[in-house]
Amino acid sequence: MDSTHLGQKDWYSILGAKPSDTQAEVKQKYQKLALLYHPDKQSADMMAGQAGEGAQRFIEINQAWKILGNEEAKKAYDLQQREAELTKMWPVDNQVHWEDLSWDPETMVYSFPCRCGGSYAMTESDRKDVSLVNCDSCSLIIEIL
């Protein structure tokens, strides 16, 4: 599994955990890594570059635990990961910026023409929640950036 996707880190891989791990298993993996990379546990004769890398690793481990150790944050993160997974599975025909969409004030809909002759349509409320849009006439999908 990639350690980053679209600029977001893979918190599970940082802890060496899996989404199917129990909360106790994730906590155990966190504690083991936190002890291993804690700045106070590093040897005094370690080179400055290695100490900096260890400190950065410790920070990432703590960030991972803040997300995966909190049920609500973990649930939200898992949903984001699932969306990213689905994005990879479905062929995205085109990536389009919001500015490229046409706004129709009468119907209150953003639209973008599809190569099949149909169109991709989104409402204002979809704007903050949706990044993938299906054509209304075919199976093509665009990603809104």
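Here are the numbers:
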{"item": "Qualifying residue in the stretch 66-73 (condition: more than 20 Å from the chain's Cα centre (by Cα) and free of Cβ contacts under 8 Å to residues at least 60 places away in the same chain)", "result": "no"}
{"item": "Residue check for SER119: touching a Pro at 6+ places or on another chain (Cβ under 6 Å) and either free of Cβ contacts under 8 Å to residues at least 60 places away in the same chain or over 25 Å from ALA84 (Cβ atoms) (or both)", "result": "yes"}
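None of the figures in this text is laboratory data; all of them are computed from the coordinates on show. Everything numeric in this text was worked out from a predicted model, so none of it was measured. Cβ: placed from backbone, ideal geometry, glycine included. Neighbour counts: every protein chain shown.
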